[in-house]
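See structure below.
The values are calculated or read from the model by the stated rules, or taken from the named source; none is laboratory data. Just so you know, these numbers come straight off a predicted model, no measurement behind them. All Cβ positions, even for glycine, are placed from backbone atoms using ideal geometry, and neighbour counts span all protein chains on display. Surface accessibility is based on the protein's heavy atoms, side chains included, excluding ligands, DNA and RNA. Shrake-Rupley method; radii C 1.70, N 1.55, O 1.52, S 1.80 Å.
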Amino acid sequence: MSADFSSIKVALVGPKAPPAGGMANQTAQLKQLLESSGAQVYFIAVNPDYKPAFIGKIPGIRALFRLPQYCLSLFQGYRKVDVVHLMANSGWSWHLFAAPAIWIAKLRSKPILVNYRGGHAFDFFSKSWSLVSASIKQSAGVIVPSVYLQQVFSQFKQASTIVANTLDPQLFKPTTKQVNSAQLHIIVTRNLEAIYDVATAIRAFALISQSHPTAKLTLAGEGPELAQLQQLVTELQLNAAVNFVGRLNRKDMAALYQSADIMLNTSLVDNNPNSLIEAMASGVAIISSNVGGIPFLVKHEYDALLTAPKQPELIYQQLKRLLNNPALKQQLITNGLTSSQRFHWSNVSKILLEQYQRAITDKGIN
């Protein structure tokens, strides 16, 4: 049973899709779960639609053009709430969206929790900590989704509390249907961006397909690397085996996990990817790069197999291990299902409610 948020009015500040991504998906899911637990949620998008629409086609000025509208939405929206929950990221996203949200909350005398989720956090803080910390000191506290980010903040002498990403176990769960065991199905569920290095996954698949010619690879995501990755697939003569399905809604993504044998995650920079959490909850074996926060999320040879990044040969070797050792694959799946339970809303909600109540009671300032 989840915690009872019925007495709390929350301003949830974060991105909306498009573009789709981990933070936008988590923001949408958090809104839904808070409302299902009784909270009154006032969502304020950091990326509202451009007015007029043609401004969105002009690089450089479009972010600054959006800023006044965004700040006005913050000032007006905060009037109704008890606490502000800010989804924050690194880089210009912090300066343009997170910092204004914090300072307007101070102006409105509203406690704000900074839910920091940037995978580039250490590099960003190393360059900009004086500016970042000036804003954070005006907040009621920092919450992070992972031990990895908690350790990054501790290096800059900033306390933080772990509130894990949320998972819907009614949607992301193992299939009860019979899956075609004769055909190996490998999936990648990351956007087609350079930091996710999907090319390494494709190259590893090319190696395993030599011994498993009926295997198929499904790539669920969109992004600027699409044409380049399609060209790679053609060069490797894999067009018949590789399917680019684009961005999927949550229901279709859950169905994709349920159809899969193995998930590959080859990211170069990462924090606490929802894709790995969803794969574990869906009973899918995981092979992943060991970058960023991933070793804090999953443990090598317990609920995933981890390798160094940008090494398709190493991914291939781990694929062979799983295919030659069904007991190991089942062990990863079983342990993954157990690991995923810590992301259930029934567990996460209790910690989050404590953070809201503390911020409201203290009108907390760091």
Per DSSP H run of n ≥ 4, the term is -39500 (n - 2.57); total these for the chain, divide by its residue number, and report the mean residue ellipticity at 222 nm rounded to 500 deg cm²/dmol. -13500 deg cm²/dmol
Across Thr218, Thr266, Thr166, the residue with the highest GNM fluctuation in the chain (Cα network, 10 Å cutoff) is Thr218
Can you check what the net charge comes to around Glu193, using other residues whose Cβ is under 10 Å from the Cβ of Glu193 (Lys, Arg +1; Asp, Glu -1)? -2
Which ³J(HN,Hα) values, rounded to whole Hz and listed in residue order, are derived for region 202-211 from phi using the Karplus coefficients 6.51, -1.76 and 1.60 in 6.51 cos²θ - 1.76 cosθ + 1.60 with θ = phi - 60°, glycine and proline given as x? 5, 5, 5, 5, 4, 5, 6, 5, 5, 9
Roughly how many Å² of Asp197 are accessible to a 1.4 Å probe, to the nearest 10? 20
By its C-alpha gyration tensor, with a ≥ b ≥ c as the square roots of the eigenvalues, how is region 242-333 shaped: rounded for a/c under 1.5, else prolate for a/b larger than b/c, else oblate? rounded
Most mobile of His120, His212, His300 in a GNM of the chain (Cα contacts under 10 Å): His212
Mean separation of Cα contacts under 8 Å (6+ apart) over length of the chain, as relative contact order %: 17
Nearest 10, in degrees from 0 to 90: the angle of helix 345-362 to the longest Cα principal axis of the chain is 20
Just add up the charged neighbours of Leu113: K/R +1, D/E -1, any other residue whose Cβ is under 12 Å from the Cβ of Leu113. -1
Considering the options Gln341, Gln230, Ala279, tell which one lies farthest towards the positive end of the dipole of the chain, charges being +1 on Lys and Arg and -1 on Asp and Glu at the Cβ, about the Cα centre. Gln341
Rank Ile286, Ile351, Ile202 by mean-square fluctuation in a GNM of the chain with C-alpha springs under 10 angstrom and give only the top-ranked residue. Ile351
For the Cα atoms of the chain, what angle does the longest principal axis make with the long axis of helix 312-324, in degrees from 0 to 90, nearest 10? 70
Chymotrypsin sites (Phe, Trp or Tyr not before Pro) restricted to DSSP loop in region 276-353 with at most 16 other C-beta within 10 Å: Tyr302
Straight-line reach from Lys350: which aspartates and glutamates fall under 15 Å, measuring Cα to Cα and dropping same-chain residues less than 8 apart? Asp4, Glu35
Too long for a 26 Å Cα-Cα cut-off, among Lys31/Lys110; Lys9/Lys157; Lys173/Lys299; Lys216/Lys320, are Lys9/Lys157
Around Val81, what is the net charge, scoring Lys/Arg as +1 and Asp/Glu as -1 over all other residues with Cβ under 11 Å from its Cβ? +4
Once amide H atoms are placed 1.01 Å from N in the peptide plane, what residues at a sequence separation of 5 or more from Ser139, or on another chain, have their amide H within under 5 Å of its amide H? Asn366
Would you mind checking which residues have amide H under 5 Å from His300's amide H? H placed 1.01 Å from N; only 5 or more apart, or other chain. none
